[in-house]
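*Asks:* Have a look at the structure that comes next, please.
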Amino acid sequence: DLEELLGWTEKTLEERKVRWEKSDRLREKTKWLLLETPRSLSSRYKHTCAIKLDQRVKCWGDNGGSDQITPPGDLGSVLAVSAGWRHICAIKMDQSVKCWGSSYESTPPGYLGPVLAISTGSIHTCAIKMDQSVKCWGKNWDGQSTPPGDLGPVLAVSARGYHTCAIT
């Protein structure tokens, strides 16, 4: 929208009207960012999530048919958020994981326990557990949800597309 908005010339009254309508939509999408500085942002595909100063999650953009931009009512305050293709995951204040959106990549294993970090890919999610091991769940079409056995302690993990990378 922004490129279109900035690239247009105002030749006619009708073009000016269209430009202002697009500008209003753009302002509406970003208005809350001007009112409150987010602690962090996570963006993927057609949606974005932010952790606001009160540590609550705010998401906007395309809902993707999976109700992903509406955080669950019981989410509460969070430490981290990661936006996936059709799902979003957050680390709650007690370091448990809560995910929502498309079910196959948003359901963490019941034995996950507390985590240090989380990252969502297109169809999978990975988290760093308290012992610095990595646990992934979701689809595993290209091995993206199966960390190597010799990975060792992990400092950071990044799940993207159909792959996962880690810093050890």
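*Asks:* Quick check: at a probe of 1.4 Å, how many percent of the accessible area of the range 61-102 sits on carbon and sulfur atoms?
*Replies:* On the range 61-102, the fraction of accessible area on carbon and sulfur atoms equals 48 percent.
*Asks:* Quick check on the range 38-154: take the gyration tensor over C-alpha atoms, sort the square-rooted eigenvalues as a ≥ b ≥ c, and tell me if it's rounded (a/c under 1.5), prolate or oblate.
*Replies:* The shape class here is oblate.
*Asks:* Let me ask you something else. Using the heavy atoms of the protein chains alone and a 1.4 angstrom probe, what is the accessible area of the range 28-168 per residue in square angstrom?
*Replies:* Ligands and nucleic acids excluded, the figure is 51 Å² per residue.
*Asks:* Separation between the Ala156 and Gln95 pseudo-spin-labels, each 7 Å from Cα along Cα→Cβ, expressed in nm?
*Replies:* The modelled label-to-label distance comes out at 2.0 nm.
*Asks:* Here's something else I'd like to know. Report, by chain and number, residues whose modeled amide H sits under 5 Å from the one on Leu116, excluding near sequence neighbours (fewer than 5 apart, same chain).
*Replies:* Result for Leu116 returns Ile128, Lys129, Met130.
*Asks:* Excluding Val97 itself, what net charge comes from residues whose Cβ is under 11 Å from its Cβ, given Lys and Arg +1 and Asp and Glu -1?
*Replies:* Local net charge: +3.
The values are calculated or read from the model by the stated rules, or taken from the named source; none is laboratory data. Since the structure is predicted, the reported quantities are computational estimates derived from the model, not experimental observations. Virtual Cβ from ideal backbone geometry, glycine too; neighbours counted across all protein chains shown. The area values use the complete protein model at the heavy-atom level, side chains included, leaving out ligands, DNA and RNA. Shrake-Rupley method; radii C 1.70, N 1.55, O 1.52, S 1.80 Å.
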